[in-house]
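Everything on this sheet refers to the single structure shown next.
The values are calculated or read from the model by the stated rules, or taken from the named source; none is laboratory data. Please read all numbers here as calculations on a predicted model, not as lab measurements. Cβ placement follows ideal geometry from the backbone for every residue including glycine, while neighbour counts extend to all protein chains displayed.
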Amino acid sequence: MLISLDIPLTYILKFLYNIGIRLYPAFVRIASAFNAKAGLFYNGRKGLLQRIAKEVPSDVPLIWFHCSSVGEFEQARPVMEWYKKERPGYKLLLTFFSPSGYELRKNYELADWVYYMPVDTPENAKAFVKAVNPRKAIFIKYEFWYNYLEALKANSTEIYIVSAIFRPSQIFFKWYGGFFRRMLKNYTRFFVQDEQSRELLSGIGIKENVVVSGDTRFDRVYQITRNGRELPLVKKFSQSALTFVAGSTWEPDEELLAKVLRNFSKVKLIIAPHEIHKEHICKIESLFAGSGYRIMKYSDFDKEISPDGWSSGEILPDAEKKLEHANVLIIDCLGVLSTVYRYGRFAYIGGGFGVGIHNILEAATYGVPVIFGPNYHKFKEAKDLVSLGGAFPVSDHTQLYDIVGKLTALPEFREAKGAVCREYVEKNLGATARVVENIE
């Protein structure tokens, strides 16, 4: 019965997919009147295909990397760096789906061109592939775009997905998932993070072109710890203090932290929220000031902070006095969080009271224990570190109070849990090498 339904259902889902894709820009345009990100998404794609066709020659050897946002870019980055160093004859084109990824990395120096990805209509996909004519297309983690995959296959482009992870709950493995399984048939090779992903693909007939390579994020975060780059102003704030770094936080995370940390007077907090627009920063200031904290912002330090968050290191005169007394530092810029974690003795990763936690490996690589909210089960590294004892999920302020109490009062406990995190990262290095040796 299921087999007989599969073909007609596939055509129905294809029709609905293309209708939805065509309607999506209209909804985004309406939302742009109320939401800055939606405005960036919509306006960033105006005249995009014409600009790409004009700027990118179709007769050069080119590799197209596509990432959804910042996290996926960090997974792509080690592979892009390898190509730039080892295969300089290739030109690299980088696209993003989300404004947060594009706006932060639109000037990435190793890419020859950086754009938004045109919306996945059949016409856009064919026009894009014709314009750039990639030799290879490398998608990251969860990026499955039906019309692009079809157009790339028709163009005889090699298609790869890197650091992919599959779960039984995904639509590919449901009885009604024939249309989505068809997407997967276009890939030249899958580079998956774990054995479960390989087994799931095998169960739907995808066997010979799957490599369990691991996650390239491990290579990237380890590389960051080895580049030795410092943030002198953050270093000065945190020196001789028990510093707690909270990264990629949302409002529920911030409310929890403000409620708990007022009980730990010796702890300094560095908080780097996921959203850094003015209204959110003001809300964080009000929240912590109302709980008795002494606050300063990263932008208070230095008038010459670059667009990617790096500072000259020169402290403004008015900031010196603030720095003496402040116990909360708000990072009100993007681009430096992965380095900020080096100044923490333990870390909190935001997002766990929403759809899911952000990147915990950026903190773990420095050998600091990590804490996060309850929604972490989609993330292999989080589940692994919880089982190993280096990470601590919390559901409320009581649980956060208990674990912060242990981490502050028991140095041996803190160091042992941090060592678990560092060793976990080191054990999982090497995904980039496994990827490139199976592509080249």
Filter result for Gly351 (within 27 Å of Phe237 (Cα to Cα) and at pLDDT 95 or above): yes
Count - residues of segment 407-430 that are hydrophobic (A, V, I, L, M, F, W, C) and touching a strand residue (DSSP E or B) at 6+ places or on another chain (Cβ under 7 Å): 2
Out of Lys130, Lys141, sole residue that is assigned by TED's automatic domain parsing to the domain that holds Leu49 and surrounded by fewer than 19 Cβ atoms within 10 Å (Cβ to Cβ): Lys130
Leu110, sole failed condition from (1) under 23 Å from Glu74 (Cβ atoms); (2) in contact with a strand residue (DSSP E or B) (Cβ under 7 Å, 6 or more places away or on another chain); (3) crowded, with 16+ Cβ neighbours inside 10 Å: (3)
Tabulated pairs, segment 100-126, first touching a residue at least 24 places away in the same chain (Cβ under 8 Å) and among the aromatic types (Phe, Trp, Tyr), second in a helix (DSSP H, G or I) and crowded, with 16+ Cβ neighbours inside 10 Å, C-beta under 7 angstrom, 6+ apart or interchain: Tyr115/Leu48; Tyr115/Ile52; Tyr116/Leu48; Tyr116/Tyr102
Scan of segment 101-118 for residues that are within 16 Å of Glu143 (Cα to Cα) and in contact with a Lys or Arg (Cβ under 7 Å, 6 or more places away or on another chain), ordered by number: Tyr116, Pro118
Condition check for Phe413: under 29 Å from Glu275 (Cα atoms), surrounded by fewer than 23 Cβ atoms within 10 Å (Cβ to Cβ), at pLDDT 95 or above and in contact with a helix residue (DSSP H, G or I) (Cβ under 6 Å, 6 or more places away or on another chain): no
Any hit, segment 77-98, residues being among the aliphatic types (A, V, I, L, M), modelled with pLDDT under 95, in a helix (DSSP H, G or I) and crowded, with 18+ Cβ neighbours inside 10 Å: no
Within segment 233-256, considering residues that are under 19 Å from Arg414 (Cα atoms) and not polar (S, T, N, Q), the one nearest to the chain's Cα centre (by Cα): Gly247
